[in-house]
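Just so you know, all these numbers are worked out from the coordinates, no wet-lab data involved. Predicted model, so just to flag it, every value in this text is computed and none were measured. A quick note on method: Cβ atoms are made from the backbone with ideal geometry, for glycine too, and the neighbour counts reach across all protein chains shown.
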Amino acid sequence: MDLGITDDSISELYSALEANQVIVVVAPTGSGKSTFIPYRLLSPIGKPLDHFTQNGPIIITQPRIQVTRAISKTVGENFLGCHIGPGCDIGYRHRGENQYDRRNRLIYVTDGSLLNWIAAGKLDSYSMIIIDEVHERSCNIDMILSLLKRELPKHPKLKLIVASATIDTNYFVDFFKDTCDTTLVEFEGKRNFGYTVEFWNKEPIPYGELPKKMAEKIIEILQTTESGGILGFMPGQGEISAVISELKEKLTITQNPDSETITGSINTVNGESYFQISALYAAAGKQKNDWALKPELDPIRPGDSASIPRRIVIATNIAETSLTVPDIEYIVDSGWIKQAEWDRNLRRMTLKARLHTRDGCKQRWGRSGRTRPGYVYTLYTEEESDGFEEHTSPEILRSCMEEHILTLKACGVSSIEDHTWFTKPSTDEIDASFGVLKERNIIDDDGDLTFKGRELWELHRSLDEGTLLLLSDRFGCSVEAATLLAFGTRLGGNLYHDNYPNERLFIWDSRWDAKRKYAVWKIHNALRVGCTDDLDFAFKLAYCYSLAENAGFGDEWLSFHHINGDSFKAAIEERNQLLESLLGKKEEKWRTRELKCKQLHVLRLVLGFAWPDRIVTLDKKDDIFDFSSKDGTNRILGQSSSFNAGTWEDGSIAVCGSLTTNGSDVDGKPGSVQYPSFLVKIPMGKRYTSECELLLAISKVVDKSGANCNNLFVDQMFPIHSHVSIETIENNVVQISNIIEHRNKSSGTRACDLRYTGDDQGAYVQNMSKLILQSFKCPDPLIGCKRVEFGSDTVIIEEWNCDGNAISACLSPYPDVLQQVLKTSERISVSVESIIGTDVHGQPGWAVMKHDAGGLFPIELSELSLSPSGYGLELIEDTEIILDQVYDQQHGYKLSFIPTVISELERLCKEVAMREKDAPDNFESDYTIEAVIVKRLPPDKVVAVVKTDNNAILHFTVRREFIFIQNVNALDVGEKVTLKLRLNDKNCQHERQYSNLSLEEIASLPSDWTYNQSNGILITPFCLKPNSELEERINPNSLEKIVRRSWTSCLRARIVSSERYYQAIAALRDREIDVHITKLMTYRGTTDISGVVFEYRMTFSDEPYSISGFLRKRDMNCPNAGDFACTLKLGDRITVKINNIDFNSSNPLIGSRIVTDP
């Protein structure tokens, strides 16, 4: 293996170890400092095999879990040719995985593991410690270095190696040399290949455009080079996803769009070339990251070596050090990272994007040029690079010190003030952390650990987690507390988290059709029905799965409810680990206790006592809540997620889980909102100051516990889509009396199938229902719902709903009467029950329709509007519309409102054309229509919609230059505006996504159509109508998109005023205002002044705005009469009284007289 450090050069390190206790090693990236040095210490040249391991194993730390696993595997397989794990020469350890034992001679561990071992007094058990990648300056690294400085003199046989490629060597050597013999060893790390750097040479790139520019540079490399992998560095997972989305949009994707990798092809100067795109980041999961690091890629065509794809990996700084992505030749560096910073007000770490350091960028660049010449392309200029900081700032300067002070105390550091820090944190942060530790009784007034503090440290958990676990253990609800902690981070705003697909709990795919989205949404929503809060929700999920798993169909339960099995089982495992860390050597029966519903109320009280700084008050307005500190002085706004379980009321008191900041619309404007992972209601709304008060409160609620648990499981007793029998109780109320069967079968009719048809899981559903009914009794009366004429005592459960404590089912008749209607009718009248504008990932949602024949059914938003996002469709909720039953080759029969929408647009185009014919060049005479603003599209567009008499929604996207005010944010969503319309006089352009045409279709296009194969743009006339000729030439799917697009942009819209604008201008009537003259009007054919145009400057929506007016000469009745009109000139300031307002004029203000002389 070609590495910079060789057998010849390793002898210098041997000599240094013989004479010194601490060695600072500096070696370039790729030289083998993380692999070859440990190998040659384990298997030394010219020395006994155990020369460096006589007193125990060598411990080598890595800053990340993925790296810990990967490097140990590399050293074992590539250097020693052995397996790794217990009983082998090499092992590894990180949280959740202990692949080591006493027989290992080399153990790779995360730095947090070593920190715990130091505190446990295990340094006597090791021969050597290697701290790798110290340039990252994590808190753990700094803590380890400061503790080792204190401990090394006590362990003279213990050696320490501090290693990195880019560090301030003098600082590290000076830190240790006053207590230990310390020296510096530098390896040249010569390699056969290097890399060249090409800096960005254009205007600096705004942060928001980095994904686009990254994708463009990668495509440029693919098109202009023949081989070599490409590694792109982006700051975070969201940015990585954006880059991959850009690449998917601009490249031809051929396979695996949903797997760990995305494969495609591109035309280059040398013909077709294949590529494979992977993401690499910490939260992606082991399987996905292993794909990115796969040593060799498989051919696209099996057996054809010419079809081996080029590797494209988009990574965070996880790939910056230690990890080696194979066959990388090209680096594209954004120059940005995301760095964690402690926010004491929020009591959480926040990730902030910031420019990288020069050292960090060099680490990135060093990922190339290892097996062939490397090329680095930066997305920042050389001048910008010169402004980067030299070294990464120590994490300890931007971290919470509470847990670190606890660790130091556990390690025997008596005086924090006298402790020798590698880098000392701020005094304010140390003092604040001491205050929290004392308040929670973790340290006493003398600064020593209390019994509770020792218990907390032994848990090796965060203070919040540890405090809750210990307290819940005392009050008998530890299993429920551990369940909440494990599942809590996956609830609320994280339930469907799009940036963490492997960790999100609920499965969702925005590419599903409306039928499947609606079906899955109903099942997911039913799981939350009956839940008081997210504690109930977590309990319900864990309890139901446990019940199903014990009965042998746990996986079926997860599948039916569309729950991510990997994430769910990881939460169960995390729950078990929390209990193991808490229970230790307690009896096994306590470790396996089942969840108990009656303990949930106890846990709610315990939560409020354990986390007083997380107690929040909910304000009913839009579910906005305030974070209130214990003394009530610190208030920060956040917003509950629509995925938080429970029905919340104004003034509710709750405990809030960790917060996630997501982009969102705030009052219709782009912004960011903090969402809680979970919210738990606190009974009685009181905060308790002592455990005695808490015990008394628990005694008062324990008898009431479990009273509402029956309501939790109605959807499990009678699942969605179940066929049930009903009995009439009274008036319009029926009661479900028995489950008959569960079906998800296709109707098999000629008419369009309105419901999602999945696998038949009737047997599982009936078994689960029986299990739940054995454990909990049915609420009595069970279900209340609105009575309709079903024509049968058998109905289908469509939805479960909860209004406060009232639970009801939405039922539809069986057999499906509506399906029978569709067999004989081409058009049906339906009511729009609800519009789900966006799905859980912010993509287009669906609409729910209701027919008098009974039952609800979903329909695509794209079948109600020409807007792909369905802008403004909420305006037709609770209205009646006529749907046409149409047929196409791709979807079969479907219901659509588009024929009506196009008919309304055609009518509007005719009216606009007639107006233009009467006044072709007079914009003031353009067709005027009222509309409503429904969406802002950053940075400078708005969407306005018109609702017609037939309830069709016509949408118009208007750019800033066609809006009467410059600041588009001054227009509020929901505000009424006035549009002026004109026919679009240009041809219609269809981008690639609208016109993915085959070569045969391109050749047979009509003569007035134009197609550009290089960019995929198709040019057609507006207002196309399908005909037999077009249907023969173009495939139905493409033709439908082209026709719709031709109608979408057939009219140009200009926003000329708004409702608030009218009100602001109308308020000027009968007022005297100061204006200045902008134009002198004269009588035709003379120089005599006939009047003046003036301008009035006002403030509208907090921005300056000018409006014009007109004053006729005969109205210039100045008090000092005389023909002073002849003396007026441009720019003169006068005071006029406004007599009238003509909103249809370009000069709407009509002055009646001049109040004062100019």
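So the values come out like this:
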item	result
Cβ-Cβ FRET estimate between residue 268 and residue 700, R0 fixed at 60 Å, reported to 0.05	0.20
FRET E, pair residue 1139, residue 940, Förster distance 45 Å, beta-carbon r, rounded to 0.05	0.80
Distance-filtered residues of the range 208-248 - backbone nitrogen under 13 Å, label point 7 angstrom along residue 202 Cα→Cβ	209-220
Förster radius 30 Å - calculated FRET efficiency between residue 45 and residue 102, Cβ distance, rounded to 0.05	0.70
Counted charge near residue 55, where neighbours are those whose Cβ lies closer than 10 Å (Asp, Glu -1; Lys, Arg +1)	0
Label-point separation, residue 878 to residue 903 (7 Å along Cα→Cβ), nm	2.6 nm
Cut-off 10 Å between beta-carbons: net charge of the residues surrounding residue 967, Lys and Arg +1, Asp and Glu -1	-2
Amide proton proximity set for residue 1110, modelled H, under 5 Å, gap of 5+	1094, 1149, 1150, 1151
Gain on full stretching of the segment that runs from residue 1106 to residue 462 - 0.36 nm per residue minus C-alpha separation	226.0 nm
Ordering of 1103-1109, 855-861 by burial proxy (mean other Cβ atoms within 10 Å per residue, highest first)	855-861, 1103-1109
Euclidean distance of C-alpha centroids, the range 54-104 and the range 811-873, integer Å	57 Å
Length gained when the stretch residue 986-residue 1025 is fully extended (0.36 nm per residue, less Cα-Cα span)	12.3 nm
Contour minus Cα-Cα distance for residue 834 and residue 212 (0.36 nm per residue)	220.3 nm
Label-point separation, residue 7 to residue 419 (7 Å along Cα→Cβ), nm	4.6 nm
Environment charge at residue 395 (Cβ cut-off 12 Å; Lys +1, Arg +1, Asp -1, Glu -1)	-2
Packing-based order for 212-222, 428-438, using average beta carbon neighbours within 10 Å, highest first	212-222, 428-438
Other-chain or far-sequence residues with amide H under 5 Å of residue 640's (modelled H)	625
In nm, spacing of pseudo-spin labels at residue 1002 and residue 177 (7 Å Cα→C-beta vector)	7.0 nm
Protection-proxy order for peptides 444-451, 1076-1083, 407-414, 471-478, each taking the mean of Cβ atoms within 10 Å per residue, highest first	471-478, 407-414, 1076-1083, 444-451
